[in-house]
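Below is one structure; the comments refer to it alone.
The values are calculated or read from the model by the stated rules, or taken from the named source; none is laboratory data. As the structure is a prediction and not an experimental result, all values here were calculated from the model. Neighbour counts are summed over all protein chains in view; Cβ atoms, including those assigned to glycine, are modelled from backbone coordinates with ideal geometry. When the accessible area is computed, the model is the full protein with side chains, heavy atoms only, and any ligands, DNA or RNA have been set aside. Shrake-Rupley method; radii C 1.70, N 1.55, O 1.52, S 1.80 Å.
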Amino acid sequence: MNHTHEELTARLQENATYSKKGRLSVINKEIPFQEGSRGLDPRVKNFLTNEADPNVRRPLEIDDLEITRKRVEVNNKDLSSGIRSETIKIILEDHEIPLGIYNQTTEKKPVLIYLHGGGFFERDMDVMENICKFLAQEANAVVVGIEYRLAPENPYQDGLNDCLEAVRYIYENPEKFHVDVDQMGLVGDSVGGNLALGVHQLSLGEKWEIRYMGMFCPLVDLSEVSRNTWNVKHYDMSKDAELIRQELVTMKDSLMFIQSLYLTNLEDVFLPLVSPLLRKDKTTLPPTTIVTAEFDFLRIQGEEFSTQQLEAGVPVLHFKYKGMDHAFVRKLGYYPQSADAIKEVSSHFLQVLRK
């Protein structure tokens, strides 16, 4: 039986299961209508087998940089209903920061600031747009997507500083966005989660408060600390082993490429602004949603980060989407899990604001 996207998404909302990993409570989202099955979700398997460019399913090298940037591969759909969007620019002394504004009306709303993924070097604004629209709709918020400067032309800490400056601009100009800056959260995808955590750390001395954080498949450790403890035995390889292993190894090896692009001094991998997993004091973090994918190399460090937050007394909702690979949220409209994950982040954000 072929199910509609709406039926698949509804099934995900209705059939969560729960498990424990040490102290961490994990909310498991099974493959819809195939609950209990193993291996890749059939939509992921089809994409990796038949649609994905084989040239990007390998560890990245410096010669791939411009090819990757020029590739137009949105692979998502607009699931929102009439969400308005526009683009503005923050003008600074030596550069500009483009912002995508989604769902701005005359009504004053909460604000979610979205930081895209792409290994610190890809311009993912086009991929980000439909995600931001759907997030804005589900959270009934204004969503602001930041087009921060990219490595290697602008290495650490330039892009992070752009994200901080954008938060400052929104805080100082709430009337331009029609937002309530006392109801502000950060959402990040992959390295966007890394940047969101960096923005939160840099915000501790500022006037504003980050009330909430949501992260999809976040990169929280660029150092060797988690990579040395990673093991393929953490993954169920009883089905689709070849495809899964290729995805895991590609991501594992590509992190070294990301290091070389993002950092001019590789010793900086141990800085908490680069590897938030190593941040000693996590008690100041706000309530957080962390979304992980079963077959993502970054899942293990994401689980460790959630555990550390719990031990620091920070409320955490931790989801694991069975059968998914890294950055699945970018396949909005194709993978029902993407819409479900955005719904869960939106729901938690609204719950936090009501407290």
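Within region 247-285, the trypsin sites (Lys or Arg not before Pro) that combine a DSSP coil assignment with at most 14 other C-beta atoms in a 10 angstrom radius are Lys280. Under the criterion of Cα pairs below 8 Å and six or more residues apart, the relative contact order for region 246-314 equals 35 percent.
Dividing the convex hull volume of the alpha-carbon atoms in region 200-255 by its residue count gives 120 Å³ per residue. With the gyration tensor restricted to C-alpha atoms of region 99-246, the semi-axes of the equivalent ellipsoid amount to 30, 18, 14 Å, longest first. Within the chain, the ratio Rg/Rh, alpha carbon atoms throughout and Rh by Kirkwood, equals 0.93. Between Asp281 and Asp253, full extension at 0.36 nm per residue minus the direct alpha carbon distance yields a gain of 7.2 nm. Where in region 150-187 does the amide nitrogen come within less than 17 Å of the point 7 Å from the Cα of Lys108, taken along Cα to Cβ? Counting backbone N atoms under 17 Å from the label point, the list is 170-185. Applying both filters, DSSP loop and at most 16 other Cβ atoms within 10 Å, to the trypsin sites (Lys or Arg not before Pro) of region 122-216 gives Arg123, Lys207.
Sequence-distant contacts, meaning Cα pairs under 8 Å at least 6 residues apart, place the relative contact order of the chain at 23 percent. Taking 0.36 nm per residue of sequence separation and removing the Cα-Cα distance, the Asp78/Arg23 pair yields an extension gain of 16.0 nm.
Qualifying GluC sites (Glu not before Pro) in region 135-244, where qualification requires a DSSP coil assignment and no more than 10 other C-beta atoms within 10 Å, comprise Glu153. With θ taken as phi - 60° and the Karplus curve 6.51 cos²θ - 1.76 cosθ + 1.60 applied, the whole-hertz 3J(HN,Hα) list for region 333-346 is x, 9, 9, x, 5, 5, 4, 5, 4, 5, 4, 5, 4, 4 Hz, x standing for glycine and proline. Rounded to the nearest Hz, the phi-derived 3J(HN,Hα) couplings of region 267-273 under the Karplus curve 6.51 cos²θ - 1.76 cosθ + 1.60 (θ = phi - 60°) are 5, 5, 4, 8, 6, x, 6, where x marks glycine and proline. Protein heavy-atom surface of the chain, 1.4 angstrom probe: 47% of the accessible area is carbon and sulfur, with nucleic acids and ligands not counted. Largest first, the three principal axis extents of the alpha carbons in region 226-355 are 45, 39, 26 Å in whole numbers. Could you calculate the FRET efficiency of Asn46 with Glu209 from 1/(1 + (r/R0)^6), where r is the beta carbon distance between them and R0 is 45 Å, rounded to 0.05? It comes out at approximately 0.55. Rolling a 1.4 Å probe over the protein heavy atoms gives the chain an accessible area of 42 Å² per residue. Phi-derived couplings, Karplus 6.51 cos²θ - 1.76 cosθ + 1.60 at θ = phi - 60°, listed residue by residue for region 75-90: 6, 8, 10, 8, 9, 7, 10, x, 6, 7, 9, 7, 10, 10, 10, 8 Hz, with x used for Gly and Pro. Net charge in the neighbourhood of Leu310 (other residues with Cβ under 13 Å of its Cβ; Lys, Arg +1, Asp, Glu -1) is +1.
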